[in-house]
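See structure below.
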Amino acid sequence: MDSLNLKIKERTAWVFLFGVISLFSLFALFAVLFNRTVIQQLKRLLSTFRSIYTTDDSDQPFYSSNHYDEIDQIKYAFENVADDLRQAHEELKASETKYRTLFEASPDVIFVTDASGRITDLNNAGARLFEVGNLNDYLKNAHFTRLFADMDKGRTLFTTIEKKILVSNAECILKTDKEKPLNGLISANRLLNEQGEFNGIEGVIRDVTEEEKLRKQMAQAERLASIGQLAAGVAHEINNPLGVILCHGDLIKKNREVNQQIREDTDIIQRHAYSCKTIVESLLNFARVSEAKMCRSDIHECINEILAVLQNRLKKQNIEVEQRFDPNAQEIIMDEHKMEQVFMNLFLNSIQAMPTGGILRITSECDKQNQQIVINVEDTGCGIPEDKLDKVFEPFFTTKGRSEGTGLGLSVTYGIIQQHHGEISVTSQLGAGTRFSILFPRLG
Ligand SMILES: Nc1ncnc2c1ncn2[C@@H]1O[C@H](COP(=O)(O)OP(=O)(O)O)[C@@H](O)[C@H]1O
Ligand SMILES: [Mg+2]
């Protein structure tokens, strides 16, 4: 029994010893493995943090004291990183808000596209200028070329920016979503992704439609003024010899010895000389050389008188006249006779533009804000092609046959309106109609 007991004890001691040794070696193995895997990784992580914080010029110290073990140091490091991240996030948010405000408040259009040319962002000014209804819907399928009157030109410009990096103040004809044409100046540059590949374009568009209109008007006024000077010079030179021809014609006809044939020939000469005189007078009117007898008069009455003269012709041609007069726009300072010529020329043109009938609409209104009186003469006639619009006020510009027009009506009208310190402009749509607008300064 005793020997059995001893054996059991001995065995138990061996098992215990074996257990202790196994446990110890397991612990040692675990410690080595832990050191190899976790501690080494932690140390690497720590050294990364250290390198970040030694290159970072922020005055936040990184905890590297030897009093703390790696776990503590890592803890501090993570806290530092979390603080930095929070701060960076807030700064990023502030910067994003700042640039977003700039983007949205810009009076110029700012846009961004992706590599395929799809517009991914457009600011408020862009949405307004391009008459975009719902911006979110628009951005779903708006391509860069959609901004251009001629899509091919938009495509070419996109390729140029893609290849050339930068385009600065390129003139372009744009169009709104409602097909209204616009003049714009576009500056844009290409965007690259992290791999350096083309990733789209971003740019700014400035609307210069009004400037362009004004520039064209000024250029036209200058051109007409120089034509006027030339016309006045020529008219003066021709006026005198014409007077002499007419006078001598009369002298020939008064001579009793002159036979019938010579009288008839002289009549022909005088008739042609008179028509030349009419042209010369028109040119002088255009050049504003002839005197104007200005007085306070009723412009509505002046319009009605001319309409009365043309009444039969209007009826015969099936033209309906619509009038809407503003009583506040009644009185202006004018030369009545000259103003009659203005409306005669405008109404005749409208009549000629509506051979198969239509509507002649005449309106007057008083624009108190701009201290102006506006008279519009509008017809539903054939219209004027766009490339001819800036020529209509030039003397001798006509699209009519010899018997129908001399091309002097609108140039005379232009001269008379200028003499009244007014402005005349024209807008037209081919096949739909034409509108002449006259602005007079309002009486004080
Ligand atoms: N209301 C209008 N509708 C269409 N075309 C017009 C109109 N008014 C003027 N035009 C164009 O402008 C040109 C010049 O007009 P105008 O100076 O009056 O000369 P004319 O009538 O003798 O041709 C016309 O030939 C015509 O082509
Ligand atoms: Mg005419």
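Of note:
- Criterion applied to Ile39, Ile52 was being at pLDDT 75 or above and surrounded by 10 or more Cβ atoms within 10 Å (Cβ to Cβ), and the one residue passing it is Ile39.
- Selection status of Leu230, in contact with a Lys or Arg (Cβ under 8 Å, 6 or more places away or on another chain) and surrounded by 12 or more Cβ atoms within 10 Å (Cβ to Cβ): no
- Cβ-Cβ contacts under 6 Å between residues 6 or more apart (or on different chains), taken from a first residue in segment 401-413 that is assigned to a helix (DSSP H, G or I) to a second residue that is within 6 Å of ligand 1 (Cβ to nearest atom) and not hydrophobic (A, V, I, L, M, F, W, C), are listed as Gly409/Asn345; Thr413/Asn345.
- Unmet criterion (only one of (1) surrounded by 14 or more Cβ atoms within 10 Å (Cβ to Cβ); (2) away from ligand 2 (no atom under 16 Å from the Cβ); (3) under 18 Å from Glu378 (Cβ atoms)) for Glu336: (3)
- Failed item, numbered, when Ile238 is tested on (1) surrounded by 15 or more Cβ atoms within 10 Å (Cβ to Cβ); (2) modelled with pLDDT under 85; (3) of a type outside the set (Ser, Thr, Tyr): (2)
- Check on Ser95, hydroxyl-bearing (Ser, Thr, Tyr), in a loop (DSSP other than H, G, I, E, B) and surrounded by fewer than 16 Cβ atoms within 10 Å (Cβ to Cβ): no
The values are calculated or read from the model by the stated rules, or taken from the named source; none is laboratory data. This structure is a prediction, so every number in the text was calculated from the model and none was measured. Every residue, glycine among them, receives a Cβ derived from its backbone with ideal geometry; neighbour counts consider all protein chains shown.
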